[in-house]
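Novice: If you scroll down you'll find the structure; I have some questions about it.
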């Protein structure tokens, strides 16, 4: 539904999926939390979006073997940074963007001169 532009419907589905995953103690809930955050972003509900990205980061940090080379974690940091930027929290946004850049430098996804 998300890719069809039905963000409100997708939001309901992701909320249900999170509830089920929490109930069964599913290992990887971070991706679903991230998608739910994306729904809120698409709906311009930034205040509601941020906690989902932050929880996605927290869960990913708990499950990743190496946070310094986890490209998915970098993506989650980017999403949180974009949300904070939309909320005019530029200093906090930059901290998240810097974390994403640090990870990408480590895994050579992008070449950034220091």
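Readers should treat all values here as calculations from the given coordinates under stated rules, not as data from a laboratory. The structure displayed is predicted, hence computed values, not measured ones. A quick note on method: Cβ atoms are made from the backbone with ideal geometry, for glycine too, and the neighbour counts reach across all protein chains shown.
Novice: How do 102, 19 line up, fewest other C-beta atoms within 10 Å first?
Specialist: Ranking 102, 19 by Cβ neighbours within 10 Å, fewest first, gives 19, 102.
Novice: Also: Specify, per residue and in Å³, the volume enclosed by the convex hull of the alpha carbon atoms belonging to the chain.
Specialist: Taking only Cα atoms, the chain has a hull volume of 101 Å³ per residue.
Novice: Ignoring everything except DSSP H segments at least 4 long, calculate the 222 nm mean residue ellipticity for the chain; use -39,500 (n - 2.57) per segment, divide by total residues, nearest 500. Spell out each step's value before the answer.
Specialist: Working: 5 runs with 82 residues, N = 114.
One gets -24000 deg cm²/dmol as the mean residue ellipticity at 222 nm.
Novice: Taking Cα pairs under 8 Å and at least six residues apart, what relative contact order does segment 2-107 come out at, in percent?
Specialist: Values: 126 pairs, mean separation 23.0, N = 106.
For segment 2-107, the relative contact order is 22 percent.
Novice: Express in nm, to one decimal, how much length is gained between residue 71 and residue 42 on full extension, taking 0.36 nm for each residue of separation and deducting their alpha carbon distance.
Specialist: Full extension of this stretch gives 8.2 nm more.
Novice: If R0 is 30 Å, what FRET efficiency do you get for residue 91 and residue 20 from their C-beta distance, rounded to 0.05?
Specialist: In this case the efficiency is close to 0.25.
Novice: Could you list 90, 52, 79 in order of exposure, starting from the residue whose Cβ has the fewest other Cβ atoms within 10 Å? The partial results should precede the final answer.
Specialist: Details: 90 12, 52 27, 79 23.
Taking fewest neighbouring Cβ atoms as first place, the list is 90, 79, 52.
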